[in-house]
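Chemist: A single structure is presented below for examination.
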Amino acid sequence: MFEPDIAPSATLLGLLQRGRGDGTLHALAAERPDALAALDACATSDPRQDWQLENRSLYYARLYSELEGPLDGLEAHLFHVDDAIDSDESRTGLALSVLGHLAAYGRRDALDLLRRYTACGSNWAWALDELALRDDEAALLGLAPVVLDRFPAGPEGDAALRAAVRNAYEPRPWRLWAAVHPRIAAAGEQAPFDLWQRQLNRTTAVPGWGAAEVLAWADRAAEEDTSGSPHDATVRRAAAAARCLAAAAGPDDRPLLLEAARCGAEGARRAALRHLVDCDDPAAPGLIELAAADPDERMVQAALDVLGRMRGPAAMAHARRWADPATGGADSALGEAAARLLACAGDECDAPLVADALRHWIAARGADGDGLGCLVDGAGRLGATAAVPALRYIYAETASSQLRGRAARALADTDAHFAAGPAVECLWDCEESTRELAARHVATTGDARVLERLRRLAADPAEEAEVHAAVRGRLTSRP
């Protein structure tokens, strides 16, 4: 997926793109045309780093409702000529999800748009899933002919129909249609057998039963697995081979495994290194250092990956040495990976190293990136109060709502001012887990908006059950 263009966090557009609570509060205080323009821009150009993990649809739908915003922008986006060219779910998925929530809030125009798009849009299956949760049976039955017309009679059309039935997120429409359309009924009956047939026909190369055979099998991944890139195939096969070695390798195979981990080909080296780490072999730390200094970037990454699997006092001692700035290794990839290991499995004495790693990450890479999340979690787990300024920066600046939620959780554990500060904003956050966290921690005195927001969340039928439970717990526990 493309990398979204995120506006600065100090702007209304930037706040809404990030899904921050302040985005809603600023939008309600801004000029209505400006707020609606920013809202349309977010809903029609998905700002999420990972649309499968991050939530925005309910957040934007609530704001459309509060602003009583028209849906002209969403309509123009859905029925644009690009819809016939770009069928990627990420182009229209957010807009359709927003319409689904608006339909649940009683917006008839949102329901009509979903019906129209189901009839002629490229991402019709998503729109149908939204309707399955909100529309009445009569309207759904009326859509059956136009959906069925998408699958011409014949073997190819029947196969596509079975796939659509099998992959439907919400089965309700298909079950309704099966009662009146024999072809859909037949597709529904046959769909499970297609899955079983694919499983039965799957051919997978298997290794011989011995450490040498398993290592050789790991090295043949690029030749035998053509489902992706050769490198990805090698990574997958090496992980499987390491699991096989847990059963196949014995004490007599240790010299072979050490040799493979020291200078074997990529597949065998990855598998042997992971196996030795999982077995807590005393040679594993030295082999990780050797691989981390390899000129081949793929082996460096393999070393960093298996380092995260290390556990135990001896492993933590090595990680502290690698992550300690006094040793000069903190700026290396090995040092950064060691800091992440300490964040995940270290003791309270490791809090300063984790806080240093967090500050170093921000200085070098900003408030986003793979691996930052575990440092954030570790700062909270270890009670690293020295990391509070860095956590506040990540909370405010990251483009990832998932990472912001993790930063909020870490602040709840480390920042004495969280309950009266960030927790208030988090009540309006786009992520339900962040709203739940805020409901459990927010101070209910000192800010008149808090109790009103808690009451509105408790009364909102679209809110998640966990948030409802947390909110009602706070409201009923007040003296």
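The values are calculated or read from the model by the stated rules, or taken from the named source; none is laboratory data. In this text the structure is predicted, and so the values were computed from the model without any measurement. Neighbour counts are summed over all protein chains in view; Cβ atoms, including those assigned to glycine, are modelled from backbone coordinates with ideal geometry.
Chemist: From the list 423, 438, 410, pick out the single residue that is under 22 Å from residue 26 (Cα atoms), under 21 Å from the mean Cα position of the chain (by Cα) and either crowded, with 18+ Cβ neighbours inside 10 Å or of a type in the set (Phe, Trp, Tyr) (or both).
Modeler: One residue alone meets the criteria, 438.
Yes/no per residue for (1) of a type in the set (Asp, Glu); (2) under 22 Å from residue 394 (Cα atoms); (3) in a helix (DSSP H, G or I):
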{"position": "419", "(1), (2), (3)": "no, yes, no"}
{"position": "425", "(1), (2), (3)": "yes, yes, yes"}
{"position": "440", "(1), (2), (3)": "no, yes, yes"}
{"position": "466", "(1), (2), (3)": "yes, no, yes"}
{"position": "474", "(1), (2), (3)": "no, no, yes"}
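Chemist: A further question on this structure: Any residue that is hydrophobic (A, V, I, L, M, F, W, C), modelled with pLDDT under 95, loosely packed, with under 15 Cβ neighbours inside 10 Å and within 15 Å of residue 79 (Cβ to Cβ) - is there at least one of those in region 111-123?
Modeler: Taking every residue of region 111-123 in turn, at least one turns out to be hydrophobic (A, V, I, L, M, F, W, C), modelled with pLDDT under 95, loosely packed, with under 15 Cβ neighbours inside 10 Å and within 15 Å of residue 79 (Cβ to Cβ).
Chemist: Show the residue pairs meeting these rules: Cβ distance below 6 Å; 6+ apart or different chains; first residue within region 284-308 and crowded, with 18+ Cβ neighbours inside 10 Å; second residue charged (D, E, K, R) and part of a helix (DSSP H, G or I).
Modeler: Here the result reads 302/270; 306/274, each pair linking region 284-308 to a residue that is charged (D, E, K, R) and part of a helix (DSSP H, G or I).
Chemist: Scan region 379-403 residue by residue and report those that are closer than 17 Å to residue 340 by Cα and within 19 Å of the chain's Cα centre (by Cα).
Modeler: Residues satisfying the conditions are 394, 403.
Chemist: May I pose another question? In region 73-90, which residues are surrounded by fewer than 22 Cβ atoms within 10 Å (Cβ to Cβ), touching a residue at least 40 places away in the same chain (Cβ under 8 Å) and either among the polar types (S, T, N, Q) or part of a helix (DSSP H, G or I) (or both)?
Modeler: Listed by number, the residues that qualify are 83, 90.
Chemist: Run residue 369 past the list (1) more than 16 Å from residue 323 (Cβ to Cβ); (2) at pLDDT below 95; (3) assigned to a helix (DSSP H, G or I) and report the number of the one that doesn't hold.
Modeler: Of (1) more than 16 Å from residue 323 (Cβ to Cβ); (2) at pLDDT below 95; (3) assigned to a helix (DSSP H, G or I), only one is false for residue 369: (3).
Chemist: When residue 166 is evaluated against the numbered criteria (1) within 26 Å of residue 52 (Cβ to Cβ); (2) crowded, with 22+ Cβ neighbours inside 10 Å, which criterion, by number, is the only one it fails?
Modeler: (2)
Chemist: A further question on this structure: If you scan region 317-351, which residues turn out to be within 18 Å of residue 383 (Cα to Cα), surrounded by fewer than 22 Cβ atoms within 10 Å (Cβ to Cβ) and of a type in the set (A, V, I, L, M, F, W, C)?
Modeler: Passing the criteria: 344, 345, 349.
Chemist: Looking for something part of a helix (DSSP H, G or I), touching a helix residue (DSSP H, G or I) at 6+ places or on another chain (Cβ under 8 Å), surrounded by fewer than 18 Cβ atoms within 10 Å (Cβ to Cβ) and in the same structural domain as residue 48 (by TED's automatic domain parsing) - is there at least one such residue anywhere in region 94-103?
Modeler: No, that holds for no residue.
Chemist: Before we move on, is residue 54 outside any helix (DSSP H, G or I), out of contact with any His (no Cβ under 7 Å at 6 or more places or on another chain) and among the charged types (D, E, K, R)?
Modeler: yes
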